[in-house]
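Structure first, commentary second.
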Amino acid sequence: MMKYFFICMAIMLIPLNSYAAPPVFEILIKDHLFYPDELVIPANTKVKLLVKNQDATPEEFESYELNREKVIPGNTQAIIFVGPLPPGIYPFFGEFFPKTAQGKIIVKESGK
Amino acid sequence: MLLNSVILVLREVLEAAMVVSLFMAFTTVSQQSRYFLLKAILLGLVAGATYAYFLPEISNWLEGIGQEITNTIIHLGIYLFLTGFLWLISSNILLPNRLVKAVMMAAIILAISRESAEIMLYISGFRSDHFLMRSVLSGSLIGLAIGVSCGIFLYHLMIALKPAAATKFICVLVVIVGGSMMSQATQFLIQADWLPSTEPVWDSSHIISEHSLPGQLLYALMAYEATPTWSQIVVYLTSLALMILVIASARFLQDQSKYD
């Protein structure tokens, strides 16, 4: 019984792996600033943000518009899945250094 | 820097202060010693420090979504312990029962651990900058003081009621906090890509913005989200319904056993 259960589980996991991996976009944190501070991503597509914190201090990537929050310790990187989103402007900020760490994600229809 | 620290710390403290003051009030209403709650607060701070210390490693778990999954487990855990609390007191199992104490302590430890971990990480970032550290520390203390004051205010609001009314009020707030925990857990699962991300069902940011003070307070109380997704709404309502069902069935069984 258990054997069949595991075989079923294994079969169910296959399609998950064969999905096309979401495109990756990089954002750097340096001197409490985001680079780039305006990131254009395609509309209606799930993307993977790779946020690299090059400061020694931790930062929290936060966005009310994107409903995302993630602490990124100093000199580490984090992945954050975003989307699929309709076209628009989605601001984000670093909660630990909100005066300087500000940016926005611009979601655009591809080809425009 | 000072104002940032006040806001950041206040936001984190408010949420944990809710759970702590609810249970403080319940203990006072039950005329029991609050000592075990203080123990839970201290253990929560230790758990928070541990979480903050290992966060770089935890973040790398599960291909980079360890933080989201840990936060989901913490929020889910708080929900389960709060539900256990409701079941026990609705079954008329009250303090100083050890199981009641255990679920209360567990909920407080979990609630404080995540919030305090974030504060500790934030403050530790200024280790090497003594000039900024001073304003960050004073800002954090002010934030902490405001957050704790809100908790004390809520506590006195509840103990001013008659014991029976206070217990009912506490139960209602526990249900609201429980729903908020599950809503946040769902949010973390979406962020980790374990739940599909869908378009928001509505956008109420022009009525109450999450950036505004009422938005922040509502967030602390019931995880207010200006742009919630279907999965969040469904999980939120289901968790509220489950808690109410738990209270109702515990009471029903209680009444049944009286007649037997």
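The values are calculated or read from the model by the stated rules, or taken from the named source; none is laboratory data. This one's a predicted model, so the numbers in the text were calculated from it and none came from an experiment. All Cβ positions, even for glycine, are placed from backbone atoms using ideal geometry, and neighbour counts span all protein chains on display. Surface accessibility is based on the protein's heavy atoms, side chains included, excluding ligands, DNA and RNA. Shrake-Rupley method; radii C 1.70, N 1.55, O 1.52, S 1.80 Å.
Identify, please: which residue in the range B:181-223 is of a type in the set (V, I, T) and at pLDDT 90 or above and is, among those, surrounded by the fewest Cβ atoms within 10 Å (Cβ to Cβ)? Even if it seems obvious, please write down each step before you answer.
Of the residues in the range B:181-223, the ones of a type in the set (V, I, T) are B:186, B:190, B:198, B:201, B:207-208.
Among the residues that remain, those that are also at pLDDT 90 or above are: B:186, B:190, B:207-208.
Values: B:T186: 26, B:I190: 20, B:I207: 10, B:I208: 17.
Of everything passing the filter in the range B:181-223, B:I207 is surrounded by the fewest Cβ atoms within 10 Å (Cβ to Cβ).
When you scan the range A:68-112 for strands (runs of 3 or more DSSP E) that lie fully inside it, which ones turn up with 1 or more residues that are in contact (Cβ under 8 Å) with a residue 40 or more places away in the chain and more than 29 Å from B:S124 (Cα to Cα)?
Working: elements: A:68-72, A:77-82, A:88-94, A:102-108.
So the answer is A:102-108.
Okay, residues lined up against (1) within 22 Å of B:I142 (Cα to Cα); (2) of a type in the set (A, V, I, L, M):
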{"position": "B:S5", "(1), (2)": "yes, no"}
{"position": "B:V9", "(1), (2)": "yes, yes"}
{"position": "B:A16", "(1), (2)": "yes, yes"}
{"position": "B:V19", "(1), (2)": "yes, yes"}
{"position": "B:I41", "(1), (2)": "yes, yes"}
{"position": "B:I69", "(1), (2)": "no, yes"}
{"position": "B:T83", "(1), (2)": "no, no"}
{"position": "B:L88", "(1), (2)": "no, yes"}
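On the stretch given as the range A:75-89, residues that are surrounded by fewer than 22 Cβ atoms within 10 Å (Cβ to Cβ) and more than 7 Å from chain B (Cβ to nearest Cβ) total 6.
I'd like to know if the range A:1-19 contains one or more residues that are modelled with pLDDT of 90 or more and either closer than 23 Å to B:F54 by Cα or β-branched (V, I, T) (or both). Step through it out loud before you land on a result.
Within the range A:1-19, the subset modelled with pLDDT of 90 or more is none.
No, the conditions are met nowhere in the range A:1-19.
Checking A:E109, A:E60 one by one, the residue that is among the acidic types (D, E), under 28 Å from B:W202 (Cβ atoms), in contact with a strand residue (DSSP E or B) (Cβ under 8 Å, 6 or more places away or on another chain) and open to solvent by less than 10 Å² (accessible area, probe 1.4 Å) is A:E60 and no other.
Any residue that is within 11 Å of chain A (Cβ to nearest Cβ), under 22 Å from A:A78 (Cβ atoms) and touching a Pro at 6+ places or on another chain (Cβ under 8 Å) - is there at least one of those in the range B:41-51? Before the answer, list the steps.
Within the range B:41-51, the subset within 11 Å of chain A (Cβ to nearest Cβ) is B:51.
From what is left, the residues that are under 22 Å from A:A78 (Cβ atoms) are B:51.
Subsequent filtering for residues that are touching a Pro at 6+ places or on another chain (Cβ under 8 Å) retains none.
No, there is no match, as no residue in the range B:41-51 is within 11 Å of chain A (Cβ to nearest Cβ), under 22 Å from A:A78 (Cβ atoms) and touching a Pro at 6+ places or on another chain (Cβ under 8 Å).
Taking the range B:106-151 as the search range and keeping residues that are under 17 Å from B:G48 (Cα atoms) and more than 14 Å from chain A (Cβ to nearest Cβ), which one is most open to solvent (accessible area, probe 1.4 Å)? The extreme case among them is B:L144. Among the residues of the range B:220-237, the ones that are at the interface with chain A (Cβ under 9 Å from one of its Cβ atoms) and either within 20 Å of B:V175 (Cα to Cα) or over 20 Å from the mean Cα position of the chain (by Cα) (or both) come to 5 in all.
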